[in-house]
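I have placed the structure first, in the form of structure tokens, so that the comments after it can refer back to it.
The numbers here are math on the coordinates, done by the rules we state, and not lab data. Here the structure is a predicted model, which is why all the values come from computation and not from measurement. Reconstructed Cβ throughout: ideal geometry from the backbone, glycine too, with neighbour counts over all protein chains shown.
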Amino acid sequence: MGKIKHAILALSVIFWVASANAASEVQFPENWQKWDSVSTTLTKIGTLPGCDANVDTLPPIYQETVATYCSLRQGGPGKVAVLVNPAYESSYAARNGKLADGVAMILHLKDMKVLFVTGYKGGKAQYGAYTENGKDISAASGSLSVEMCRTCHTGYTSFCINGQCGKVSD
Ligand code: HEC
């Protein structure tokens, strides 16, 4: 009896640790430094500001993005870049939701040395969050959870197309 109880306790602890830990759905793109950066609405703005910035003039999805991530770091996440896997450059530019399976694009929070990564599996968008060195920092809940990414990227269908929110601009 005691043994079984112990085993159940041990199992639930293991399960709890596993589920509370990082759970990116996409692999870390080892060669991300070789990917090209593209110019988008967000990269033209240049930074994700702090929580006291006035973002009233930005489209609602950008306001929501700032509200979600402004407190990640004091003063805001800071400089951003959008990096696209060379194999996806034409599909990113086409912005029609047809993206081949694999790791496709990155929102690089440069000052935080963090990569928000989007990939595709079975044609559907998958998400993850990593440090520049490949440590999985996605969380079970909150702003660094894949559910949060999905709520905005997949949910904002009037703005994002199959998980792609940005649009190449010159
Ligand atoms: C509240 C909305 C919102 C949430 C939450 C959000 N994003 Fe985004 N994401 C955006 C917007 C807006 C852009 C920028 C579009 C642009 O470049 O103009 C963006 C850009 C990106 C890009 C660049 C490629 C592209 O055009 O889509 C990636 C990759 C990305 N986000 C991944 C993630 C991941 C991973 C998460 C979760 C950890 C996440 N995002 C959470 C709104 C959001």
| task | Kindly list, by first and then second residue, each pair from a residue in the stretch 125-140 that is buried (at least 23 other Cβ atoms within 10 Å of the Cβ) to a residue that is of a type in the set (F, W, Y) and in a strand (DSSP E or B), limited to pairs with Cβ atoms under 6 Å and residues at least 6 apart or on different chains. | result | A129/F116
| query | Which residues, taken from the stretch 114-170, are touching a Leu at 6+ places or on another chain (Cβ under 6 Å), farther than 21 Å from T41 by Cα and outside any loop (DSSP other than H, G, I, E, B)? | reply | Y120, A129, Y130
| remark: The number of residues in the stretch 79-94 that are touching a Leu at 6+ places or on another chain (Cβ under 7 Å) and either over 13 Å from M105 (Cβ atoms) or outside any helix (DSSP H, G or I) (or both) is 2
| message | Give me the residue from the stretch 123-149 that is more than 7 Å from the ligand (Cβ to nearest atom) and closer than 19 Å to Y92 by Cβ and, out of that set, nearest to the chain's Cα centre (by Cα). | response | Q126
| query | Which of the residues that make up the stretch 65-108 are within 8 Å of the ligand (Cβ to nearest atom) and under 17 Å from I161 (Cβ atoms)? | reply | T65, V82, V84, Y92, A104, M105, L107
